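Have a look at the structure below before the remarks.
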Amino acid sequence: MKNKSAEKYDLSVILPTFNEKENIILILDKIRKVLKNESYQIIVVDDNSPDGTWEIAQHYSKKLSNIQVIRRLNMKGLSSAILEGFGSSNSKWMVVMDADLQHDEKILVEFIKAFEEGYEIVLGSRKTAGGGIGEWNALRRVISWVATKMALLIIKNNVSDPMSGFFGIRKEIFENSIDKINPRGFKLLLELLAHNPDSKVHEIGFTFNKRLHGKSKLNTNVIIDYMEALYDLSFGKYLPLRFLKYSIIGLTGLLLYQLFIWIGLNLLEISKYYSIALGIEAAILSNYFLNNFWTFRDYRHKSIYIITGLFSYHLISLAGVVINYSSTVILINQFKINIYTASIIGAVLSTLWNYRMNFQITWKKEI
């Protein structure tokens, strides 16, 4: 059998999958039928599906040199799966499509024609001539319309469906964009369009089919991810989204800090120094769990790692605590500043240190 990683092709079709065991063989058969006269490869990138999608795909591909299966054990997420597939491609053109049979594989030959005509980004559009959204309910139609309008505010390309998950790109355009792309982003096409405003773009109409098996992935988390992606593309270079989240959590911790100082002074009747220490510990605990849930949710600690993560967070924050506590005491004793005002200043001084070090160590990617 030929080395799957060595042979060159014109087109790579990337299939990111998760729990698609009932669809994977169907979509592979359909793609092979459509592209039987073309030079192509199929790359299945599976996020270690519990239903064994990767195993079915591997068995299917055993005697086929142009089908590659990547089983990801330590990574999750659609965009990063697509990026891994693109990075593994040996083709001059790359197309990504869903494995749930909702994307029309028959237009893949039109993708090839568009690339041959010199287009750099090609997308399957549900909102151009020949396209349609199928049997969507009213709510999903409204969500799609709003999402599209918001996307068009931040990209310069004149396209009808920037939210499409069925798109292709020339290898060299992708390689020139890779350093700008957020691998944890929500819609990769949106990022590629935003970072390549002058690229030649072509749209091909297709009707969004009804999912036959499995469940739709549209949920509240997807909507939140999309809003975060829009922020990141619009303002992320000025104020990174993760730091904004960290700062918001820091503000909630600051309020809790103030509350526990008050509790220490007025309810527990302990000294102001013990009250400050109590407030700091309450803020540390709150900040860790909220940051783990929201700010660093892509590196989120689970099970036993919550304990080790909390321990690491305390250690990394130690210098910040020293900065916070000592500066607060100095401001109170030397400058006679009110304890609440002094504690705010101390918290601000320690924020940048805590963010930088906790991002690098506490929520490191390997965990």
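No value in this document is a laboratory result; all are computed from the given coordinates. Remember, predicted model here, so these are calculated numbers, not experimental data. With ideal geometry, Cβ positions are generated from the backbone for all residues, glycine too; neighbour counts draw on all protein chains shown.
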Over the Cα atoms of segment 1-126, Rg to Rh with Kirkwood Rh, two decimal places?
0.93
Phi to ³J(HN,Hα) by Karplus 6.51 cos²θ - 1.76 cosθ + 1.60 over segment 164-169, Hz, x for Gly, Pro:
5, x, 10, 8, x, 8
So who's got an amide H within less than 5 Å of the one on D98, skipping anything under 5 residues away but keeping other chains? H placed 1.01 Å off N, in plane.
H103
To the nearest 20 debye, what is the magnitude of the charge dipole of segment 241-362 about its Cα centre, counting +1 on the Cβ of each Lys and Arg and -1 on the Cβ of each Asp and Glu?
320 debye
In the structure displayed, which of K8/K127; K127/K156; K30/K113; K36/K171 lie more than 25 Å apart, Cα to Cα?
K8/K127
The helix 24-34 Cα axis meets the longest alpha-carbon principal axis of the chain at an angle in degrees, between 0 and 90 and rounded to 10, of 40 degrees
From the helices alone, meaning DSSP H stretches of at least four residues, give me the mean residue ellipticity at 222 nm for the chain, per-run term -39500 (n - 2.57), in deg cm²/dmol to the nearest 500.
-15000 deg cm²/dmol
Debye calculation, C-alpha points only, no solvent: report log10 I(q)/I(0) for segment 232-367 at q = 0.12, 0.19, 0.22 Å⁻¹, in the same order as the q values.
-0.49, -1.06, -1.28
What is the gain in length, in nm to one decimal, between W294 and E172 on full extension, counting 0.36 nm per residue of separation less the C-alpha to C-alpha distance?
40.4 nm
Which residues qualify? For I43, with a placed amide H closer than 5 Å and at least 5 residues away or on another chain, they are V13, I14, L15, Q68
Given +1 on the Cβ of Lys and Arg, -1 on the Cβ of Asp and Glu, and no further charges, what dipole in debye does the chain carry about its Cα centre, rounded to the nearest 20?
200 debye
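Counting each pair of different Cα atoms once, what's the Kirkwood radius of segment 9-235 in Å, rounded to one decimal?
Averaging 1/r across every pair of different Cα atoms and inverting gives 17.7 Å.
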What nm distance separates the two modelled labels at N338 and E38, each placed 7 Å from Cα along Cα→Cβ?
6.8 nm
Angle between the chain longest axis and helix 318-333 axis [Cα atoms, degrees, rounded to 10]:
40 degrees
For helix 78-88, report the angle its Cα long axis makes with the longest principal axis of the Cα atoms of the chain; keep it between 0 and 90° and round to the nearest 10°.
60 degrees
Of the candidates P16, F293, L192, the farthest towards the positive dipole end of the chain (Lys/Arg Cβ +1, Asp/Glu Cβ -1, centred on the Cα centre) is F293
Would you please classify the overall shape of segment 96-157 from the alpha carbon gyration tensor, given that a ≥ b ≥ c denote the square roots of the eigenvalues, rounded means a/c under 1.5, and beyond that prolate means a/b larger than b/c while oblate covers the rest?
oblate
Tell me which residues come under 5 Å, amide H to amide H, from I204 once H is placed; ignore anything under 5 positions away on its chain.
L123, G124, S125
Rounded to whole Hz and in sequence order, give me ³J(HN,Hα) for segment 177-182 from the Karplus expression 6.51 cos²θ - 1.76 cosθ + 1.60, θ = phi - 60°, writing x for Gly and Pro.
9, 4, 6, 9, 8, 7
